1. Could you grab the relative contact order for the chain? Cα pairs under 8 Å, six or more apart, rounded to a whole percent.
2. Between the DSSP loop rule and a limit of at most 15 other Cβ atoms within 10 Å, which trypsin sites (Lys or Arg not before Pro) in region 126-196 are left?
3. For region 230-419, give the magnitude of the charge dipole about the Cα centre (Cβ charges: +1 Lys/Arg, -1 Asp/Glu; no others), in debye to the nearest 20.
4. Most mobile of Leu189, Leu285, Leu358 per a Gaussian network model of the chain (Cα springs, under 10 Å)?
5. Within the chain, what's the longest run with no GluC sites (Glu not before Pro) in a DSSP loop and at most 14 other beta-carbon atoms within 10 Å? Give the range, please.
6. For the chain, set up a GNM with springs between Cα atoms under 10 Å and report which of Met181, Met342, Met88 has the largest fluctuation.
7. Please turn the phi angles of region 112-118 into ³J(HN,Hα) values with the Karplus equation 6.51 cos²θ - 1.76 cosθ + 1.60 (θ = phi - 60°), one per residue in order, whole Hz, x for glycine and proline.
8. If you scale each eigenvalue of the Cα gyration tensor by 5 and take the root, what three semi-axes come out for the chain, rounded to whole angstrom and sorted largest first?
Amino acid sequence: MPAGLEINLAPEVLGEGSPEERAAFGLFSICAGPLTLTEGFDSFIGALRAGPLVSGYHAAEWFGWNWWRLLYEPYSPRSADWWRAHKMTAIGEGYVWPNITFRTDGVRAAILSEPSVNPEAKPFRYLGASPWVGPTSLLEDAIRAFFTRIAHRLDERGIRDSNFQRVLADLISERRDSEMMERRRLEALLGYDPDEVDESVIQTLLTDAAQFGTAAIDELAADAAGGVPLNAGRLRTIASYEGVEARPGDAAKLAQNDLADALDQPAAWQQGRRAAIALRLKERLGASPISTARLAQLLGTSAVRRGPTGGKSPLSFLLDEGTGQTRVVLRSRWDTGRRFEMARLLGDHLLFGADATLLPATRAYTFRQKAQRSFAAEFLSPFEAIEDMLQGDFSQEAIEEVAEHFEVSTMTVETLLRNHGLIEREPMADAA
């Protein structure tokens, strides 16, 4: 289990500044059990401290303004302003804030603590720490507890109607209103601040959710990354031009105990891997490469041809058109890419959508998409077989040879090696 998470503010005296700033001044720290994510060297006292001296009022404002995005918006390298809602250095206000990034995939959250960019930074130089990873609910609880601390400080000083207090009151009201809460969640998934999304976009998402289910539409919203997601009409048009016939009833299935075992894993990559191992065992595939024809059969389709426009769909998906027909659309123009996309859709079918009308495989970094990618990597190229072939040789040439053997990309092989700690793993990959 992940360590508990606390955002603390030990009181200190500030002799100048606004009443709000002075009321919430103190030593700011973020701790997870014995791990201190804000520790650094304070040049004023010439010693290490658990955190900097700052006004927690500004941190509380920032957490309040970005509440919905912090909890619901997945990491998005395609969004130019993602960092403003997820990195504490964006707070500003004249203080040296921690080089900390908050990320979530909708199920799990991570806090990445990095050293100060300048190794000679003053008055406070952050050391950085190991990432904290745990359920998003623990991050939510920690922020709410911090709100309570700051609100109490302001009340003690007789401060009323400050900006933070108004932001907090709005948040409380929104969380009590189920319709408003749904709107805010969708705005965050789309990568926008509150009330920045056109009402017609939200209404289209809600209408499409009635057809395809909220879970599938959430994936489309997260994939939009600051843009406008594909709607039902556009998906059906793409399916008619690019899609090939599928029969989900003929697709592979997992035994209930195997499915339960996979879904019981905490991390997305672990869920995908368990499901892939279970399906290989069930289908008696051993550790051999899977032919494209066999892969298509497991997905419930017999054809894997490219559509007439040459694979120009912005995403891969399986769509029940509501007319008794289901079609599979693959995005990639490359054979290895299309095999990987078929495997992703197969993993999604097994783990999340056996009865769903829309199974999307997108570019987003949600829990569901990460589980898909993990399933596809393990199913197409089992880790134990890769490890046996490489025999400790992780050179580019050796990786390329393994990738060619399993008909996957070198990126797929490298991802498996990272997941198992054989080559350097990206920080916070579990929650990215």
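1. For the chain, the relative contact order is 14 percent.
2. Of the trypsin sites (Lys or Arg not before Pro), the ones in loops of region 126-196 whose Cβ has at most 15 other Cβ atoms within 10 Å are Arg157, Arg160.
3. 860 debye
4. Among Leu189, Leu285, Leu358, the largest GNM mean-square fluctuation belongs to Leu285.
5. No qualifying site falls inside 322-423, the longest such stretch.
6. Met181
7. For region 112-118, the Karplus-derived couplings read 9, 9, 10, x, 4, 4, 8 Hz, x marking Gly and Pro.
8. 44, 27, 17
Each reported figure results from applying straightforward, stated rules to the coordinates on display, with no laboratory input. Just so it is clear, the model here is predicted, and its values are computed rather than measured. Every residue, glycine as well, gets a Cβ built from its backbone with ideal geometry; the counts of neighbours run over all protein chains shown.
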